[in-house]
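Peer 1: Below is a structure I'd like to ask you about.
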Amino acid sequence: MEKSSGKKNTAVLISGRGSNLRSLIKYSKTKKSFIRIVLVVSDNFSAKGLDYANKSNINNIVIKYSNRKSFEDRLFKILRRNNVDLICLAGFMRILSGKFIKKLNKTILNIHPSLLPKYKGLNTHDRAIQNKDKYSGATVHIVNDKLDSGKIILQKKIKILKSDTRKSLEKKVLKIEHRIYPKAVIKLLSSD
Ligand code: GAR
């Protein structure tokens with residue numbers, strides 16, 4: 001990605017609540033932001049996060065997920081049409097195929113609620129508590145063709161207390177997610 005070309009046209013992909021989308025929108029509105037969010041894509045019509053896009057007048061679209069091929073074909077076209085340079089997955093609960101990632105040939109970031117490489121996939125907080133881990137955290141990484149396995153851009157850990165439940169841990173981790181996603185974007189784009 002060329003830094004000289006100014007702000008990166010960014011698409012954020014969501015499936016639900018959209019609190020990480022909200023933090024990225026907030027960052028994008030700061031003076032020194034490296035990104036301009038030009039598009040929000042959801043695979044879910046009732047994703048609450050779409051409200052944040054609408055409130056900020058960001059172009060948004062729902063692509064129904066009937067199968068991976070048709071979803072990715074539509075996604076590819078719409079990302080191209082909007083000249084998207086950077087894709088941020090923010091609570092997007094689908095797996096993109098290696099074929100799609102290669103064909104698109106753009107940087108795709110993801111935020112994951114664990115200290116990767118620990119606990120790829122789902123139910124990260126339950127697994128951390130069950131295993132009596134002392135720490136949990138969140139990770140922003142590059143998306144590649146293997147689940148939650150691409151290069152780590154930024155990671156932050158927090159202590160798990162004996163009193164923590166899945167819900168309390170989720171809340172604490174989410175709070176740091178909101179902080180590290182914009183920071184990871186800055187780190188990625190300032191090193192161009
Ligand atoms: C976040 O905790 C995010 O890390 C997680 O879903 C939540 C979405 O919250 N993502 C994954 O588990 C991806 N595998 P949000 O919709 O409020 O941003």
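Peer 1: Residue check: is Ser4 modelled with pLDDT under 95 and in a helix (DSSP H, G or I)?
Peer 2: Yes.
Peer 1: Restricting the search to region 5-35, which residues are more than 14 Å from the ligand (Cβ to nearest atom) and open to solvent by 20 Å² or more (accessible area, probe 1.4 Å)?
Peer 2: Ser5, Gly6, Lys7, Asn9, Ser28, Lys29, Thr30, Lys31, Lys32, Phe34
Peer 1: Could you list, in sequence order, all residues of region 39-62 that are in contact with a Leu (Cβ under 6 Å, 6 or more places away or on another chain) and of a type in the set (A, V, I, L, M, F, W, C)?
Peer 2: Val41
Peer 1: Mind counting the residues in region 106-162 that are among the charged types (D, E, K, R) and part of a loop (DSSP other than H, G, I, E, B)?
Peer 2: Final tally of qualifying residues: 11.
Peer 1: Specify the residue that is farthest from Ala138 (Cα to Cα); the eligible residues are those in region 149-177 that are open to solvent by 50 Å² or more (accessible area, probe 1.4 Å) and in contact with a helix residue (DSSP H, G or I) (Cβ under 7 Å, 6 or more places away or on another chain).
Peer 2: Here the residue is Arg166.
Peer 1: Now for a separate question. Lys183 - would you say it is under 24 Å from Lys31 (Cβ atoms), more than 14 Å from the ligand (Cβ to nearest atom) and open to solvent by 100 Å² or more (accessible area, probe 1.4 Å)?
Peer 2: Here the answer is yes, as Lys183 does meet what is asked.
Peer 1: Give me the residue from region 57-90 that is among the polar types (S, T, N, Q), assigned to a loop (DSSP other than H, G, I, E, B) and in contact with a strand residue (DSSP E or B) (Cβ under 8 Å, 6 or more places away or on another chain) and, out of that set, surrounded by the most Cβ atoms within 10 Å (Cβ to Cβ).
Peer 2: By that ranking, first place goes to Asn82.
The values are calculated or read from the model by the stated rules, or taken from the named source; none is laboratory data. If you're wondering where the values come from, they're calculated on a predicted model, not measured in any experiment. Every residue, glycine among them, receives a Cβ derived from its backbone with ideal geometry; neighbour counts consider all protein chains shown. When the accessible area is computed, the model is the full protein with side chains, heavy atoms only, and any ligands, DNA or RNA have been set aside. Shrake-Rupley method; radii C 1.70, N 1.55, O 1.52, S 1.80 Å.
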